[in-house]
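These notes concern the structure reproduced below.
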Amino acid sequence: MTPQTIDAADSGSWTLGDLTVNRIGFGAMRLPQTGEALTAGAVPRDRATAISVLRRAVELGVNHIDTAAFYFSPLRSANELINRALAPYPDDLVVATKVGPGRDLSGRWAPHATTPEQLRGQVEENLRQLGRDHLDVVNLRVVGTGSIAERFGGLAELRRAGLVRHLGLSNVTPAHLAEAQAIAPVVCVQNMYGIGVRPEHDAFLRACGEQGIAFVPFYSIAGAGGEAGTTGAESGELLAVARAHGASAAQIRLAWTLRRGPHVLAIPGTGDPRHLAANVAAGALRLSDDELALLDSLHRREA
């Protein structure tokens, strides 16, 4: 493949409320640091490299960036890097952020925000760091299976006040989605999903599409490695498909993810310009029906 000739628009597009995005986006979680993400001992990434990756992403047609105020390491904040690299922001750029989890200044995890007041504070922190007067999309990150009505209702108030344009959910169940939709429109659901990862979410993914809601998998490249990254072990079947396309296993994972439905968006993250180009190029990969059937069977078998 020749990533230099490929644009994120080749992945197709989807509309988040009234905001149109290319289906290959960019996840900022790994941008502030190298090594395992979101750990107190993470090593800050070179600032100039991180900024150049963000600018190159936009040059390659990426217009959907996923971030959060709790994406930071010593000396580096994903939101601050995005602000420095991309402000004044292009008119078509959609920046989606998350609220709920908290971290103290040392990087240690703090208790989740549990009240509307705490969530407003997190929204305002994202606004300050990004240099925005409103947030395009705010996802409520959920832990557990309890009610989210009070928290989501608080975000709905911020939407009515004009601080937030659209709302989404992260790490949720179908019951959470139904509860949220009774309060305010939901434009996207972010859940962990990929080849061999949570095939029990297949039905949820399809249901989101039927309702016109974007499904945004995270860790779709890492697979079983999750936050720690890829495990390095890939099946012979997946590698054979990759060889047939002159692509990497990660690109095949992304291409398969996008074929799960036109409403599925990808937000692979990296701080490496080469990996960025390869990720964007994956949006143009076209898998055959036989290859999709093979990967589907692998998806179910590896779970």
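The values are calculated or read from the model by the stated rules, or taken from the named source; none is laboratory data. Everything numeric in this text was worked out from a predicted model, so none of it was measured. In this analysis, Cβ positions are derived from the backbone assuming ideal geometry, glycine residues included, and neighbour counts consider all displayed protein chains.
Against the numbered list (1) over 21 Å from Ala266 (Cα atoms); (2) in contact (Cβ under 8 Å) with a residue 40 or more places away in the chain; (3) in contact with a helix residue (DSSP H, G or I) (Cβ under 7 Å, 6 or more places away or on another chain), Arg45 comes up short only at (3). The combined condition, being of a type outside the set (Ser, Thr, Tyr), in a loop (DSSP other than H, G, I, E, B) and modelled with pLDDT of 95 or more, is not fulfilled by Val58. Whenever a residue of the stretch 89-101 is small (Gly, Ala, Ser), its partners that are assigned to a loop (DSSP other than H, G, I, E, B) and surrounded by fewer than 21 Cβ atoms within 10 Å (Cβ to Cβ), lying with C-beta atoms within less than 6 angstrom and at least six residues away or across chains, give the pairs Gly100/His112. Scanning the stretch 61-83 for residues that are of a type outside the set (Ser, Thr, Tyr) and in a loop (DSSP other than H, G, I, E, B), we see that the one that is surrounded by the fewest Cβ atoms within 10 Å (Cβ to Cβ) is Leu75. Counting the residues of the stretch 246-257 that are in a helix (DSSP H, G or I) and under 17 Å from His275 (Cβ atoms) gives 8. Only residues that are at pLDDT below 95, part of a helix (DSSP H, G or I) and touching a helix residue (DSSP H, G or I) at 6+ places or on another chain (Cβ under 8 Å) were counted in the stretch 258-274, giving 1.
Scoring His134 on the criteria (1) over 15 Å from Gly102 (Cα atoms); (2) modelled with pLDDT of 95 or more; (3) out of contact with any Leu (no Cβ under 6 Å at 6 or more places or on another chain); (4) surrounded by fewer than 21 Cβ atoms within 10 Å (Cβ to Cβ) leaves a single failure, condition (3).
Hey, among the residues in the stretch 142-181 that are of a type in the set (Lys, Arg) and more than 15 Å from Gly121 (Cα to Cα), which one's nearest to the chain's Cα centre (by Cα)? Residue satisfying both the conditions and the ranking: Arg165. When the stretch 205-221 is limited to residues that are farther than 26 Å from Ser235 by Cα and among the hydrophobic types (A, V, I, L, M, F, W, C), the one that is surrounded by the most Cβ atoms within 10 Å (Cβ to Cβ) turns out to be Ala214.
Tell me whether the stretch 180-203 contains one or more residues that are over 30 Å from Glu237 (Cα atoms), touching a Pro at 6+ places or on another chain (Cβ under 8 Å) and modelled with pLDDT of 95 or more. Reasoning before the result, please.
First, the residues of the stretch 180-203 that are over 30 Å from Glu237 (Cα atoms): 180-188.
From the residues that got through so far, the ones that are touching a Pro at 6+ places or on another chain (Cβ under 8 Å) too are none.
No, because not a single residue in the stretch 180-203 is over 30 Å from Glu237 (Cα atoms), touching a Pro at 6+ places or on another chain (Cβ under 8 Å) and modelled with pLDDT of 95 or more.
Output the number of residues of the stretch 26-55 satisfying the condition of being in a strand (DSSP E or B), at pLDDT 95 or above and over 16 Å from Ala278 (Cα atoms).
Final tally of qualifying residues: 0.
Taking the numbered list (1) modelled with pLDDT under 95; (2) farther than 26 Å from Val94 by Cβ in turn, Ala249 passes all entries but (1). Scanning the stretch 87-123 for residues that are assigned to a loop (DSSP other than H, G, I, E, B) and over 20 Å from Phe152 (Cα atoms) turns up Ala87, Pro88, Tyr89, Pro90, Asp91, Asp92, Leu93, Asp104, Leu105, Ser106, Gly107, Arg108.
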